[in-house]
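Here the structure is laid out as structure tokens; the discussion comes afterwards.
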Amino acid sequence: MIPRALRPSQVWLGRLAAARGRAADKSGAAAVEFALLLPVMITLFFGVVETSLALLCRADVSYMASTAADLISQVNTATTADVNNVYSAAGTILYPYYDPSVGGSAKPTIRITSIKDDGSGAAGKSHLTGTVAWTCTQAGSGTLTFSTPVVGGSATLPQPIMTNGGSVIIAEVAYNYVSPTTKVITGNLNMTNSFYTKPRRILQIAAPVGGCP
């Protein structure tokens with residue numbers, strides 16, 4: 001017996017059911033693939049965010065060192081208040097990583113040192129060495145690269161920038177950076193930078209009147 005031909009409506013219904021079945025299979029595969037890729041996508045997202053924040057903080061640390069050196073180099077006679085103001089002004093650059101109005105142990109470590117001519121250079125020529133005239137340090141969370149200079153001790157500069165009878169101001173900054181999310185960058189990063197400049201108005205800036213803050 002020959003079966004009767006299917007009606008057009010039955011044919012379309014059969015095709016629609018088959019299409020729905022294939023779509024369901026594809027949706028299930030897509031869900032599995034998304035579940036497998038989701039951890040990788042989240043890691044990449046936090047990696048980009050945390051790396052960007054760390055780089056911005058690193059740039060602020062560099063700017064802090066140049067700002068601290070520039071500010072102290074503009075005075076004729078430094079005082080305890082002057083040095084303390086330099087610390088505060090430089091610290092504001094790190095906001096919102098560090099809030100100077102709150103303070104605390106998270107503040108940056110800042111060291112300002114004056115190196116004066118030790119008389120070893122030839123007349124009219126710059127040289128590498130000098131003598132530590134004074135140094136002031138704000139203790140903070142970061143660890144400075146070099147040990148604390150000894151007043152009266154010798155110092156070697158990275159380039160021959162010391163002139164006869166002159167001096168060089170060195171500002172060093174260190175900050176212990178902690179990621180706000182700690183998803184990818186889980187440990188602390190010790191960010192450091194230093195900046196060298198010369199006094200603008202006089203050859204040598206004397207030790208702060210009243211001592212270091």
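For the reader, a short list of remarks on this structure follows.
- Converting phi to 3J(HN,Hα) with the Karplus coefficients 6.51, -1.76 and 1.60 and the offset θ = phi - 60°, segment 177-186 yields 7, 10, 4, x, 9, 6, 8, 10, 8, 8 Hz in sequence order, with x at every glycine or proline.
- Our estimate of slack between residue 48 and residue 157, defined as 0.36 nm per intervening residue step minus the Cα-Cα distance, is 35.5 nm.
- Lysine pair count for the chain (Cα-Cα distance under 24 Å; residues 8 or more apart in sequence or on different chains): 4.
- Computing mean projected area of the Cα convex hull in nm² directly from the structure and comparing it against [x] 21.3; [y] 14.3; [z] 11.2 singles out [x].
- Amide H contacts of residue 142: 109, 176, each under 5 Å away and 5 or more positions distant or on a separate chain (H built 1.01 Å from N in the peptide plane; Pro and chain starts excluded).
- Degrees separating the helix 80-92 axis from the principal Cα axis of the chain, which is the longest one: 10
- Per residue, the chain reaches -13500 deg cm²/dmol at 222 nm when only DSSP H runs of four or more residues are counted, each adding -39500 (n - 2.57).
- Relative to the longest principal axis of the Cα atoms of the chain, the long axis of helix 8-72 lies at roughly 0 degrees.
- Using the Cβ-Cβ distance between residue 143 and residue 30 with R0 = 41 Å, the FRET efficiency computed as 1/(1 + (r/R0)^6) comes to roughly 0.25.
- Among 123, 78, 30, the largest mean-square fluctuation in a Gaussian network model of the chain (Cα springs under 10 Å) belongs to 30.
- Estimated FRET transfer efficiency when R0 is 22 angstrom, pair residue 70-residue 190 (beta carbons, to 0.05): 0.40
- Spin-label proximity, residue 183 to segment 41-64 - amide N less than 20 Å from point 7 Å beyond Cα toward beta carbon: 41-57
- At R0 = 41 Å, FRET efficiency that the Cβ-Cβ distance of residue 62 and residue 37 yields, to 0.05: 0.65
Bear in mind that the values in this text are calculations on the coordinates, not laboratory data. Just so it is clear, the model here is predicted, and its values are computed rather than measured. Note that we place each Cβ from the backbone using ideal geometry, even for glycine, and neighbour counts take in every protein chain shown.
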